[in-house]
1. State which residue is surrounded by the fewest Cβ atoms within 10 Å (Cβ to Cβ) when the search covers only the stretch 132-150 and only residues that are over 24 Å from residue 74 (Cα atoms) and over 17 Å from the mean Cα position of the chain (by Cα).
2. Identify, please: which residue in the stretch 151-173 is assigned to a helix (DSSP H, G or I) and touching a helix residue (DSSP H, G or I) at 6+ places or on another chain (Cβ under 7 Å) and is, among those, surrounded by the fewest Cβ atoms within 10 Å (Cβ to Cβ)?
3. Restricting to the stretch 14-24, count the residues that are touching a residue at least 12 places away in the same chain (Cβ under 8 Å) and either under 20 Å from residue 91 (Cα atoms) or more than 16 Å from the ligand (Cβ to nearest atom) (or both).
4. Tell me the residue from 27, 113 that is of a type in the set (Lys, Arg), surrounded by 14 or more Cβ atoms within 10 Å (Cβ to Cβ) and either in a strand (DSSP E or B) or within 16 Å of the ligand (Cβ to nearest atom) (or both), please.
5. Let me spell it out: the conditions are (1) within 13 Å of the chain's Cα centre (by Cα); (2) of a type outside the set (Ser, Thr, Tyr); (3) farther than 19 Å from residue 175 by Cβ; (4) surrounded by 18 or more Cβ atoms within 10 Å (Cβ to Cβ), and residue 40 meets all of them except one. Which number is the exception?
6. Is it the case that residue 93 is in contact with a Leu (Cβ under 9 Å, 6 or more places away or on another chain) and either surrounded by 15 or more Cβ atoms within 10 Å (Cβ to Cβ) or not hydroxyl-bearing (Ser, Thr, Tyr) (or both)?
7. If you check 172, 187, 129, 122, which single one turns out to be under 15 Å from the mean Cα position of the chain (by Cα), of a type in the set (S, T, N, Q) and within 30 Å of residue 67 (Cβ to Cβ)?
8. Take the conditions closer than 23 Å to residue 180 by Cβ, in a helix (DSSP H, G or I) and not basic (Lys, Arg) and apply them to residue 88. Does it pass?
Amino acid sequence: ADKTVLIVYAHQSPKSFNCAVKDAAVKTLTDQGYKVLVSDLYAMKFRAAATADDVKGKLKNPQHFLYNEEAGLAWKEGRLSDDIKEEQRKVQQADLIIFQFPLYWFSVPAIMKGWIDRVMTQGFAYTLQNLYDNGLFKNKKAMLSFTTGGMESMYLPDGLNGDINVALWPLQNGVLRFCGFQVLAPQIFWSPAHTPDDAREALLEAWKTRLQGLQDEKPLSFAPTELFEL
Ligand code: FAD
C-alpha cells in the first residue's frame, strides 16, 4: 500500500515561510505517490489545553481529576472527544509524521504542544511496558521541521543560545523517541526572515530534494533501551 505522511502544521499565516515549507512538502510527497494528510492546527482552532472536556461520559474520579488516567480510560472505551479521535486516526494511518512550526521559546508553539498533550494519550501512544525501543510507534518515523528567528551561529554549542540539540531533546527524545518513533534528523530553516529571497528559494529547493530521498534516510541513534533498568 502507498505510504501515508501526516504533516502537523502550526502557523497562523498562509503567507509565512512555514506555509511555503509545508506546501512544498505536500506537493513533493504527493508527486512521489505518498498520501499526505495535513492537520492545520490554527485553521482547525485546535484546542491546546488538556482538560476534562477531552473525556465524554462519567469521570472515574471527579473529585481528583487526573488527566492521564481519565484520558487513558476514555481512549480504551472510545470516549475521547471527537477532535482527539480524529487526530489519532490520522496518526494511526501515518508512516511518517512531520511537525512543521516556527520555534517558539526553544520549543513548539503552544497549539502544537497541546496537540502532543492531547493526542498522544496513554494507552494510544505509550504504556509503561511500551516505551522507547519497545514503543508503540516503533514502525513509524517522525521528524521536526522548523524555522528560527536566531541564526545558526547562535545555536552552536559555544553560541549565545547553546546547542540546538539540547533544545530539541525534550521533543525528539521526551516525546517522539519515548513513543517509539524512529526520529529523522531535524530540518532546520535558520532565520528565514533575515535570509535574502533567492537564498530562501534555494532552501525550499534543498528541502524538496531531501524529501525525495527521505525513505532511505537512517534515523538518529539514541541509547538502546536495554541498557537501562526500568
Ligand atoms: P516569515 O516571517 O513568515 O517568513 C520569512 C520570510 O520568508 C518573509 O519575508 C516571507 O515573505 C518569506 N516567504 C514566505 N513564503 C516564501 C516563499 N514561498 N519563498 C520565499 N520566501 C518566502 N526564534 C528563535 O530562534 N528562538 C526562539 O525561542 C523563539 N521564540 C519565539 C517565541 C514567540 C512567541 C514568537 C512569536 C517567535 C519566536 N521566535 C523564536 C522567532 C520565530 O521562530 C520566527 O519568527 C519564525 O521561525 C519565522 O518563521 P515564519 O514562517 O514566521 O517566517
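1. 149
2. Checking each candidate, the answer is 164.
3. 1
4. When all the criteria are applied, what remains is 113.
5. Here residue 40 clears every test but (4).
6. yes
7. Step by step, each of 172, 187, 129, 122 is checked, and only 172 is under 15 Å from the mean Cα position of the chain (by Cα), of a type in the set (S, T, N, Q) and within 30 Å of residue 67 (Cβ to Cβ).
8. yes
Read the figures in this text as sums done on the coordinates, not as results from a lab. Quick caveat: nothing in here was measured; it's all calculated off a predicted structure. We place every Cβ from the backbone using ideal geometry, glycine too, and count neighbours over all the protein chains shown.
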